[in-house]
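Shown next, in structure tokens, is the structure this report addresses.
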Amino acid sequence: MASTKQYFCAAGKPIRCKAAVARKAGEPLVIEEVIVAPPKAHEVRLKIICTSLCHTDITLWKLKEFPGCFPRILGHEAFGVVESVGEDVDELKEGDSVVPIFLPDCMDCVHCKSKKSNLCSKFPFQASQLLHRDDTSRFTNAEGETLHHFLYISSFSEYTVVDVVNVTKIDPEIPPNRACLLSCGVSTGVGAAWKTANVEPGSTVVIFGLGSIGLAVAEGARLCGATRIIGVDINSNKFEIGKQFGITEFVNSKSCVDKPISQVIIEMTDGGADYCFECVGLATLMQEAFTCCRKGWGKTVVLGVDEPDAHLNLNSFEVLQSQKTLTGALFGGLKPKSDVPILVKRYLDKELQLNKFVTHEVNFEDINKAFDLLIQGKSLRCVIWMDKL
């Protein structure tokens, strides 16, 4: 990591750098000079090497009302190097290779110590525009204007300050443009199959929605040994893409005009799938997924994010007598500090496929092109390099 020595000259001092600032909902990001304060206690300042664009960035960028917030530095999937550390930071040091992760992992509370949950009770996840411990920002511009954080990360900046509960140290051998994928999307999908559902060898899996998250679920199901992995999407072209990640069969839900998609799946699987994953974020689709998972042991895992006021409408008698399970999977059920390094090792051991998720790479000044590609459905993951390619 000799090339990172240039980053370690500003400890304890503010850093001036470039950031892509979202100033108005839905409008192109603006590359501006910003001032990044030094880290406070329990915080680290990171030099972002590369970042990738996630649909969550797009969703919050479009929102005019809370949790939309402007001006703001978006971005939360990234790979970086620790530039400096604040007081009371023992687990990280200057030069460490890390991925920032939106889901806190304090390793100390009852939830973080339990194998049953990845939801930190000491630092509960919230759609906050500030940092955990003092509800303030570490970003300002030259005029002194406060710039808001995003999911505790804000990786669309050359430097950012992150609480240690949101930073995971990883093996520096993994390439930066692969490591950043494990900061959110791919980990969420793979983890949902591996940790939340605990997919068993020989099982049948149905995935509703074959975007990046759905394809990551397929990759996780493949690693777990699922025999049938059925993809459901409104775009038939997704089948050819999905085959690269383990999809064995495909259903275009638009073609299901005579019967609901759940009935089609029940007939295909002779009674229902062992595991269903909803990766779109539609309450109606969550209900279809629950309907077509097998009675007795079927499990439906929700990964998609619907509107805050969306509700599920389930028949209570069916829930009782079917003995199915319905659960959510924030960050795929993974514990960031212990499970993400395992995924890194599985990539380095050539088990976990990450390369095929990266369809585009651009320079930082072209970040708005990454937005266009994702909005138009032309990319899975676009990696944005802070230094020129």
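The values are calculated or read from the model by the stated rules, or taken from the named source; none is laboratory data. A quick note: this is a predicted structure, and the numbers were derived from the prediction, not measured. Virtual Cβ from ideal backbone geometry, glycine too; neighbours counted across all protein chains shown. These area figures cover heavy atoms from the full protein model, side chains too; ligands, DNA and RNA do not enter into them. Shrake-Rupley method; radii C 1.70, N 1.55, O 1.52, S 1.80 Å.
List the relative contact order of the chain as a percent without decimals, with contacts defined as Cα pairs under 8 Å and 6+ residues apart.
Reported relative contact order: 16 percent.
Going by the alpha-carbon gyration tensor, a ≥ b ≥ c the square roots of its eigenvalues, is the stretch 261-389 rounded (a/c under 1.5) or, if a/c is not under 1.5, prolate (a/b greater than b/c) versus oblate?
Here the stretch 261-389 falls in the prolate category.
Return the distance in nm (one decimal) between the two label points of a simple spin-label model at Asn313 and Glu145, each offset 7 Å from Cα along Cα→Cβ.
4.5
Taking springs between alpha-carbon atoms closer than 10 angstrom, which of Thr136, Thr51, Thr269 fluctuates most in the Gaussian network model of the chain?
Largest GNM mean-square fluctuation: Thr136.
Would you mind telling me the share, in percent, of accessible area of the chain contributed by carbon and sulfur at probe 1.4 angstrom? Show your work: numbers first, answer last.
On the way: 8630 of 16850 Å².
Answer for the chain is 51 percent, counting heavy atoms of protein chains only.
Classify the stretch 93-172 from the C-alpha gyration tensor, please: rounded if a/c falls under 1.5, else prolate or oblate depending on whether a/b exceeds b/c.
oblate
List, largest first, the extents of the alpha carbons of the stretch 14-124 along their principal axes, each in whole Å.
Between the extreme Cα coordinates on each principal axis of the stretch 14-124 lie 42, 32, 21 Å.
Please compute the net charge surrounding Ala370, taking Lys and Arg as +1 and Asp and Glu as -1 over other residues with Cβ under 14 Å from its Cβ.
It works out to a net charge of -3.
How long are the semi-axes of the ellipsoid equivalent to the chain, from square roots of 5 times the Cα gyration tensor eigenvalues, in whole Å, largest first?
Working: eigenvalues 270, 89, 80 Å².
The equivalent ellipsoid of the chain has semi-axes of 37, 21, 20 Å.
How large is the accessible surface per residue of the stretch 179-290, computed with a 1.4 Å probe and reported in Å² as a whole number?
34
Are any of the pairs Lys243/Lys324; Lys337/Lys388; Lys113/Lys350; Lys113/Lys356; Lys113/Lys169 more than 25 Å apart by Cα-Cα distance, and if so, which?
Result: Lys243/Lys324; Lys337/Lys388; Lys113/Lys350; Lys113/Lys356 exceed 25 Å.
Please work out the average accessible area per residue across the stretch 44-120, using the 1.4 Å probe convention, and give it in Å².
Here the per-residue accessible area is 40 Å².
Within 10 Å, count the other beta carbons around each residue, average over each peptide in 184-193, 158-167, 347-356, and list them highest first. Don't skip to the answer; put the middle values down first.
Working: 184-193: 28.8, 158-167: 25.7, 347-356: 14.9.
Ranked from most to least packed, the peptides come out as 184-193, 158-167, 347-356.
Take every Cα pair under 8 Å in the stretch 268-389 that's 6+ residues apart, average their separations, divide by the length, and report that relative contact order as a whole percent. If you can, show how the numbers build up before the last one.
Details: 158 pairs, mean separation 21.6, N = 122.
With pairs under 8 Å counted, the relative contact order is 18 percent.
On full extension of the chain, what length is gained from Lys243 through Phe66, given 0.36 nm per residue of separation minus the C-alpha to C-alpha distance? Mind dumping the intermediate values first?
On the way: separation 177, 0.36 × 177 = 63.72 nm, distance 3.85 nm.
Computed gain between Lys243 and Phe66 is 59.9 nm.
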